[in-house]
1. Which value in deg cm²/dmol, rounded to the nearest 500, describes the helix-derived mean residue ellipticity at 222 nm for the chain, given -39,500 (n - 2.57) per DSSP H run of n ≥ 4 and division by the residue count?
2. Report for the chain the percent antiparallel among DSSP-assigned beta bridges with both residues inside it, nearest 5.
3. Calculate the length of the line joining the C-alpha centroid of region 115-153 to that of region 188-204, in whole Å.
4. Given an 8 Å cut-off on Cα distances and at least 6 residues of separation, report the relative contact order of the chain as a percent.
5. With the convex hull built on the Cα atoms of region 174-234, state its orientation-averaged projected area in nm².
6. Using square roots of five times the C-alpha gyration tensor eigenvalues, list the equivalent-ellipsoid semi-axes of region 101-200 in whole Å, biggest first.
7. In whole Å and largest first, what semi-axes does the C-alpha gyration tensor of region 2-97 yield when each eigenvalue is scaled by 5 and square-rooted?
8. Using a Cα-Cα cut-off of under 18 Å, which aspartates and glutamates could be cross-linked to K10, ignoring same-chain neighbours fewer than 8 residues away?
Amino acid sequence: MKIALLGYGKMGKTIEQIAIKRGHEIVLKVDKNDDAYDITQADVAIDFSIPTVAFNNITNCLNNGVPVISGTTGWLQDYDKAVELCKEKEGGFIYASNFSLGVNIFFELNKTLAKMMNTLKQYNVTMEEIHHTQKLDAPSGTAITLAEGIIENHSGYDNWKLDEAAEKSLPIVAKRIEDVPGTHTVNYESEVDTITIEHTAHNRQGFALGAVIAAEWIIGKKGVFNMNDVLNIG
Ligand SMILES: NC(=O)C1=CN([C@@H]2O[C@H](COP(=O)(O)OP(=O)(O)OC[C@H]3O[C@@H](n4cnc5c(N)ncnc54)[C@H](OP(=O)(O)O)[C@@H]3O)[C@@H](O)[C@H]2O)C=CC1
Ligand SMILES: O=C(O)C1=N[C@H](C(=O)O)C[C@H](O)C1
């Protein structure tokens, strides 16, 4: 499979290593200021860039008939437009806030726990995410997906807020600590006890492997998909 890497930073480089080990070829590496590139030489594009350019990268792929996997976070105000374009062009598109198998299992565990806790009003939910200091967005995309999983399944919450507690709002604390690949914690706290679920990434390999598996999976498919489709979970 011929892969275009849109964004050649920490994730782009990790994806390159894994893709080559799995027998794929990297035909294009796009970074800042690499504007004039021909995406059509690739069978599939993998976008791990920055929030301000991700939507543009995705539309360029869809307009040129190249299926695209996007892991970039912080651009979701334009997600619906990307979905529309994908349908109009009959393309292939997957966005996931987190591509790792472990986090996708954690997402399901989080939803199940929220359902179980729904009637137990003595518990307040709080969330914390910790990432490296170069991260541009807060809260993390993964934290937003976790919050949405709780809001959909727990009637005590209908929105989330960064660093703020308010009526029916799920507070998310975002911490930035050097070299942390990504840790997400969900707490249910009552006066008598705390229930905690946590996912800790030890490195970026899990995210990168998931993105390559998603790229392999989307070849020959048309539509907008997510990691539950790829991993057949949920
Ligand atoms: N969904 C998931 O599983 C995961 C998602 N992520 C997300 O992926 C994104 C990238 O993460 P990470 O690799 O750690 O970040 P990095 O900052 O290491 O890499 C981002 C790269 O994008 C480059 N870039 C800047 N402008 C453009 C452009 N116009 N087109 C293409 N590339 C460009 C940057 O170049 P320069 O440095 O020169 O500006 C940089 O090399 C983030 O949004 C992060 O949150 C990260 C891990 C897992
Ligand atoms: O920026 C990162 O590094 C990560 N970003 C994603 C997010 O925002 O959730 C996924 C992972 O946590 C690493």
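1. Using -39500 (n - 2.57) per qualifying helix, the result is -11500 deg cm²/dmol.
2. On the way: 15 of 42 bridges.
About 35 percent, rounded to the nearest 5.
3. Spelled out, the Cα-based centre of one part sits 11 Å from the other.
4. It rounds to 22 percent for the chain.
5. Here the figure is 6.6 nm², rounded to one decimal.
6. Numbers: eigenvalues 97, 42, 30 Å².
Each semi-axis is the square root of five times an eigenvalue, giving 22, 14, 12 Å.
7. 20, 15, 12
8. Cα-Cα hits under 18 Å: D31, D34, D47, D137, E178, D179.
Taken together, the values in this text are just the output of simple stated rules run on the coordinates, not laboratory data. Everything quoted here is computed from the prediction, not taken from an experiment.
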